[in-house]
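One structure is given here, and the rest of the page talks about it.
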């Protein structure tokens, strides 16, 4: 996957949409799973782009243009991949108040869709109170939060608290760079370290199969699940 990652980064820093598309198309031809493309190619490339911008090696205009190209690539992966049969489960994917990074949430929403979920992706920066009102009107089995900035952990804590106050609260899963090195607990929510882990945790919690995950993705998810269990045991 490293060769795809390196080529994609080169094309994006040159804001080359055609070249970027060709990299993802090739990865799909090599039967790379959506989870592996998202987790091992697109996500780390976006991290690299952010570091290039912070280091002054590309402008904010370049970074924004690259992000728009990536949005198209994220959509292309789901459009060119086979969706599993509908599993009857419904998930809501979002980010808490103050969190404006959208890529992680959108990627996870797409992966759930491919796994047969009915997915409500409602965007980012959603206040806890508004989300709770929405959940009182729309029944879902799972709420997934993507959090990039550690400063937004308090916001997601508020959101989880209000969700768990509902009469029949959904299963809550949290993920994103904000939780790197985080060893605490946030209500009854499960914290995961990557997309594959998130899918594995939900498959286990909801009693469904492995779906579109490859063996490598599954092992990655199992490793994350073991980490989550160890955290729970202290």
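Annotations for the structure displayed:
- Restricting 184, 209 to those that are over 19 Å from residue 134 (Cα atoms), loosely packed, with under 15 Cβ neighbours inside 10 Å and at pLDDT below 85 reduces the list to 209.
- Scan of segment 24-42 for residues that are assigned to a loop (DSSP other than H, G, I, E, B) and in contact (Cβ under 8 Å) with a residue 24 or more places away in the chain, ordered by number: 32, 33
- Check on residue 109, in contact (Cβ under 8 Å) with a residue 40 or more places away in the chain and either surrounded by 18 or more Cβ atoms within 10 Å (Cβ to Cβ) or within 12 Å of the chain's Cα centre (by Cα) (or both): no
- Residue under evaluation residue 82, criteria (1) in contact (Cβ under 8 Å) with a residue 60 or more places away in the chain; (2) in a helix (DSSP H, G or I), criterion not met: (2)
- Remark: pairs (first residue in segment 61-78, more than 21 Å from residue 35 (Cα to Cα); second residue surrounded by 15 or more Cβ atoms within 10 Å (Cβ to Cβ); Cβ separation under 8 Å; 6+ apart in sequence or on different chains) = 62/13; 62/15; 62/53; 63/49; 63/50; 63/52; 63/53; 65/15.
- Just one of (1) farther than 19 Å from residue 44 by Cβ; (2) surrounded by fewer than 17 Cβ atoms within 10 Å (Cβ to Cβ) fails for residue 201. It is (2).
- Residues located in segment 142-196, provided they are free of Cβ contacts under 8 Å to residues at least 40 places away in the same chain and part of a strand (DSSP E or B): 171, 172, 173, 174, 190, 192
- Residue within segment 43-66 that is in contact with a strand residue (DSSP E or B) (Cβ under 6 Å, 6 or more places away or on another chain), assigned to a helix (DSSP H, G or I) and modelled with pLDDT under 95 present: no
- Selection count, segment 85-115, where residues are on the phi > 0 side of the Ramachandran plot and either in a helix (DSSP H, G or I) or at pLDDT 95 or above (or both): 1
- When 109, 144, 128 are screened for being outside the structural domain of residue 23 (by TED's automatic domain parsing) and under 17 Å from residue 46 (Cβ atoms), only 109 passes.
The values are calculated or read from the model by the stated rules, or taken from the named source; none is laboratory data. Everything quoted here is computed from the prediction, not taken from an experiment. Cβ sites come from the backbone with ideal geometry, for glycine too, and all protein chains shown count toward neighbours.
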